[in-house]
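Okay, structure first, notes after.
The values are calculated or read from the model by the stated rules, or taken from the named source; none is laboratory data. This one's a predicted model, so the numbers in the text were calculated from it and none came from an experiment. Note that we place each Cβ from the backbone using ideal geometry, even for glycine, and neighbour counts take in every protein chain shown.
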Amino acid sequence: MKLSELAKAVSGQVVGDGEVEIKGVSPIEEAKGGDLVFVLDKKFLASALRSKASALLVSSQVVVSGKPALLADDPRGAMAKTLPFFAPKQARPKGIHETAIVPSSCKIGKDVSIGAYVVLEENVSIGANTLIYPQVWIGANCQIGQRAILHSGCRVGVDGYGYVQEKGKHIKIPQIGNVIIGDDVEIYANVCVSRATLGSTIIGSGTKIDNLSHVAHNCKIGKDCAIVSLVGFAGSVTLGDHVFVAGQAGFNGHITIGENSVVMARTGVTKDVPANSLVSGFPAQDHRKEIEFQASLRRLAKKTR
Amino acid sequence: MKLSELAKAVSGQVVGDGEVEIKGVSPIEEAKGGDLVFVLDKKFLASALRSKASALLVSSQVVVSGKPALLADDPRGAMAKTLPFFAPKQARPKGIHETAIVPSSCKIGKDVSIGAYVVLEENVSIGANTLIYPQVWIGANCQIGQRAILHSGCRVGVDGYGYVQEKGKHIKIPQIGNVIIGDDVEIYANVCVSRATLGSTIIGSGTKIDNLSHVAHNCKIGKDCAIVSLVGFAGSVTLGDHVFVAGQAGFNGHITIGENSVVMARTGVTKDVPANSLVSGFPAQDHRKEIEFQASLRRLAKKTR
Amino acid sequence: MKLSELAKAVSGQVVGDGEVEIKGVSPIEEAKGGDLVFVLDKKFLASALRSKASALLVSSQVVVSGKPALLADDPRGAMAKTLPFFAPKQARPKGIHETAIVPSSCKIGKDVSIGAYVVLEENVSIGANTLIYPQVWIGANCQIGQRAILHSGCRVGVDGYGYVQEKGKHIKIPQIGNVIIGDDVEIYANVCVSRATLGSTIIGSGTKIDNLSHVAHNCKIGKDCAIVSLVGFAGSVTLGDHVFVAGQAGFNGHITIGENSVVMARTGVTKDVPANSLVSGFPAQDHRKEIEFQASLRRLAKKTR
């Protein structure tokens, strides 16, 4: 693929020789002849020019000379569009593997790939073009949104953790609700999403939840949220749309986080957060206040010595 | 099922028309005719009365008019007893699936259900009425308590993390102990319980451990404890009976937490905690002291501005 | 095995009767006749002598009388060498189980054990003497280091979490990199290691990562590191060799931790850490400074009451 063809595909502009052949992409430090490298930060420009790469993809704000370059207004976006051209093809075999167990009550769409030792229970619906890797288990009556991706080891629909106390014993409250996974949701490896006690735990369309996070029963997670790894939501938390939650944050049960809010890493959220907030600390508060608070403590501690 | 019949089953009393037919249960906001809804907090009473539900289950302390109601002294307990009547029946097929691998050295009780692609190793004992979902693996010589529930993806008996240092290398200490799971234990999804180096890691009867928690080698967890999600126990922690541990708490190795104690969310416990304590903070201390400490810091920080 | 023979095998010295027959090892509190017990701390010496054990393994610094003893300069190291003699033999069946799916493009070394319902994808290389437990899945083109141990439920090569924003939507950045696992690496249960966006996520030789930790895309973890449970690394963290990270610590993306550093439990590391550091707190700082800081706060808070 010529650099000029790639530029067209990702809506960028070429500086220098657009005829150069791009055979692959690589990190700057591993680049060889034929490679395109991505310069997402200006500080990497010099090493990119020094590398063996045949061309650079770089912000249109940057002046480049010495190698052919593909300029993009949004270089990260252009990278996202470039990578598929060079991704190794790992086509899954079409059809249902002979060892997969698919009860006749299941509805299976066109052009699916269902791998070895997959087990579906009764009345599962699998939409067209769905790809199910080997050894997956899908419980009775399950349906998930279009284009959702559930990674290896995630557990969706586990019983919620609910008990009543009786003479010092925990008596299990049957968990008869479900989980609703919207369209374009991505749930990463080993994430747990518990079913509702009654009603539904909801993961809104477009939301992405990274490895090892926990969403307890009856949470309502909004649309297009980004939830990073090792985050814990206690029961019945409501997250508005477009909320960003950084790693190892935690949430008390029965609270509401307003839309467009950002919860920083390791924040412990103990009560409602209004829309458009930026919070940190434990207990969570407005991030600027938390910064001031921490700075005051450090000043005070210094004086005392 | 008539409301009056249900009231009898859960030891409650009917106010209004006990003849009303209850066909299902639902969250208040989704209630339709024929549904019973649970009013666990008085603030939801008005919306419950406004809903399309045919009846309410509510605390006997609350005065209700407008809909038939089932009054209970312990409404959460009554809910726990009500739900099984309306839980979808998901009977597992009886017997051993033809693809399950069960060595002849295993002892299999009556009326078990062993699913597709299950693999048992040698000398495993499965008690009567046990239900094993598809794709489960059970290692050699395993036995767990009566009525214990091990959810999807939990890992019981992983090697403990133990090394000796030799010239900057970690030399593995063989982990030859085991894990003992008591009766009525519930271990949720993706929880890890490591085997003892020597002797046993113990999960006491009646203890419930929520998603993504970690119990290291040689821990002795007491009876009827409640351990919430993303909690981490380092090696050789001893937890007394009836301890409650909230989410994302962590425990240093080789410490003892006395019985009936409560460890609040995100607490970092660094040393022994006496029985009947309520602790929070990092390092953990008496919760009232921690609250005072945090309040003092906030007062001081305010003054300094 | 006689005590004197064991002493020879672990380079220790016998005090008392070296002819005593050692039939097993056990924790002190469970010891019976014929057992050897390990006294790794002097405070357990009295109970060890009181126990039914036939012999003790103890530091050569300790004076023992009353039972035969094996003295070792490094008793933990000697324990590590002793345990294999008494570990239950759990030989895996040799060969490829008839239900394992192994494409002809895979290279399978000598004397491997591949268990039931294992699925390998195309072009996987399995070295000689490798042991693969039942129900494992290995993706296309995978290779891991010599003597590496990957425990149950760990997920290596999950997509990195990477998106670009477009009109409030998260557009997935294809993750076309890989993961490189060095020799002698041990990855415990339910750990997640994400593949690089481009290039490689690296786990250096000799590094051990405990249960439920998360290593994000493009991290470069050094050699002989010890990473304990529930630790989270954001993307592109670089860890030098011989770093120790304690439980529930977390790391911002794109930072570097110098070699031989120690990161204490629950530390939140927000920026680069020089080599040979000992850090704690959130944000992480030199551990002595953090201790002073916390002590100052506690003094100040006391005064204010």
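Does the stretch A:5-21 hold any residues that are without any contact (Cβ under 8 Å) to a residue 60 or more places away in the chain and either more than 24 Å from A:Lys42 (Cβ to Cβ) or in contact with a helix residue (DSSP H, G or I) (Cβ under 9 Å, 6 or more places away or on another chain) (or both), and which are they?
The answer is A:Glu5, A:Lys8, A:Gln13, A:Val14, A:Gly16, A:Asp17, A:Gly18, A:Glu19, A:Val20, A:Glu21.
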Filtered residue count, the stretch B:132-178, keeping only those that are more than 10 Å from chain C (Cβ to nearest Cβ) and small (Gly, Ala, Ser): 3
query: List the pairs whose first member sits in the stretch C:288-305 and is of a type outside the set (D, E, K, R), whose second member is not in a helix (DSSP H, G or I), and whose Cβ atoms are under 7 Å apart, counting only residues at least 6 apart or on separate chains?
result: C:Ser296/A:Arg305
task: Return the total of residues in the stretch B:64-109 being facing chain A (nearest Cβ under 10 Å) and among the basic types (Lys, Arg).
output: 3
statement: Within the stretch C:246-284, the residues that are part of a strand (DSSP E or B) and more than 10 Å from chain A (Cβ to nearest Cβ) are C:Thr256, C:Ile257, C:Val262, C:Val263, C:Val269, C:Val273, C:Leu278, C:Val279, C:Ser280
- request: Only residues that are among the charged types (D, E, K, R) and either more than 7 Å from every other protein chain (Cβ to nearest Cβ) or touching a Phe, Trp or Tyr at 6+ places or on another chain (Cβ under 8 Å) (or both): list them for the stretch A:187-226, please.
  value: A:Arg195, A:Lys208, A:Asp210, A:Lys220, A:Lys223
query: Which condition number does B:Ser280 fail, the rest of (1) surrounded by 21 or more Cβ atoms within 10 Å (Cβ to Cβ); (2) on the phi > 0 side of the Ramachandran plot; (3) over 15 Å from the mean Cα position of the chain (by Cα) being met?
result: (2)
Residue list for the stretch C:1-56, restricted to those being at pLDDT below 95, over 19 Å from C:Ala87 (Cβ atoms) and away from chain B (no Cβ under 14 Å): C:Lys42
- request: Being modelled with pLDDT of 95 or more and either closer than 26 Å to A:Val37 by Cα or not in a strand (DSSP E or B) (or both) is the filter here, so list the residues in the stretch A:86-98 that pass it.
  value: A:His97, A:Glu98
- prompt: For B:Lys289, are the conditions met, namely being surrounded by fewer than 17 Cβ atoms within 10 Å (Cβ to Cβ), over 21 Å from the mean Cα position of the chain (by Cα) and farther than 14 Å from C:Arg298 by Cβ?
  reply: no
Criterion violated by C:Lys220 - all others in (1) in contact with a Lys or Arg (Cβ under 7 Å, 6 or more places away or on another chain); (2) without any contact (Cβ under 8 Å) to a residue 40 or more places away in the chain satisfied: (1)
field: The one condition in (1) assigned to a loop (DSSP other than H, G, I, E, B); (2) more than 25 Å from A:Gln165 (Cα to Cα); (3) of a type outside the set (Val, Ile, Thr) that B:Ser11 fails to fulfil
entry: (2)
statement: Reported set for the stretch B:131-167 where residues are at positive phi and surrounded by fewer than 20 Cβ atoms within 10 Å (Cβ to Cβ) is B:Asn141, B:Arg147, B:Lys167
query: Which residues, counting only those in the stretch C:204-248, are polar (S, T, N, Q) and either touching a strand residue (DSSP E or B) at 6+ places or on another chain (Cβ under 8 Å) or at positive phi (or both)?
result: C:Thr207, C:Asn211, C:Ser213, C:Asn218, C:Ser229, C:Ser236, C:Thr238, C:Gln248
message: Exactly one condition in (1) exposed (fewer than 15 other Cβ atoms within 10 Å of the Cβ); (2) under 17 Å from B:Pro93 (Cα atoms); (3) at pLDDT 95 or above is false for A:Ile101; which is it?
response: (1)
Scan of the stretch A:115-130 for residues that are of a type outside the set (Ser, Thr, Tyr) and either within 13 Å of chain C (Cβ to nearest Cβ) or loosely packed, with under 15 Cβ neighbours inside 10 Å (or both), ordered by number: A:Gly115, A:Ala116, A:Val118, A:Val119, A:Glu122, A:Asn123, A:Ala128, A:Asn129
message: For the list (1) more than 9 Å from every other protein chain (Cβ to nearest Cβ); (2) crowded, with 24+ Cβ neighbours inside 10 Å, I need the number of the one condition that B:Gly235 fails.
response: (2)
- prompt: Could you list, in sequence order, the residues of the stretch B:261-305 that are β-branched (Val, Ile, Thr) and modelled with pLDDT under 95?
  reply: B:Thr304
- prompt: Going through the stretch A:61-88 one residue at a time, which ones are crowded, with 18+ Cβ neighbours inside 10 Å and β-branched (Val, Ile, Thr)?
  reply: A:Val64, A:Thr82
task: Find the residue count for the stretch A:46-60, including only residues that are under 14 Å from A:Ile22 (Cβ atoms) and surrounded by fewer than 17 Cβ atoms within 10 Å (Cβ to Cβ).
output: 1
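Please report, ordered by residue number, the strands (runs of 3 or more DSSP E) entirely within the stretch C:104-211 with at least 1 residues that are polar (S, T, N, Q).
Values: elements: C:155-158, C:163-166, C:169-172, C:178-181, C:192-194, C:200-203.
Fully inside the stretch C:104-211 and qualifying: C:163-166, C:178-181, C:192-194, C:200-203.
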query: How many of the residues in the stretch B:14-23 are outside any loop (DSSP other than H, G, I, E, B) and either crowded, with 16+ Cβ neighbours inside 10 Å or in contact with a Cys (Cβ under 7 Å, 6 or more places away or on another chain) (or both)?
result: 2
query: Can you list the strands (runs of 3 or more DSSP E) found entirely within the stretch A:32-73 that contain at least 3 residues being under 12 Å from A:Gly12 (Cβ atoms)?
result: A:55-59, A:69-72
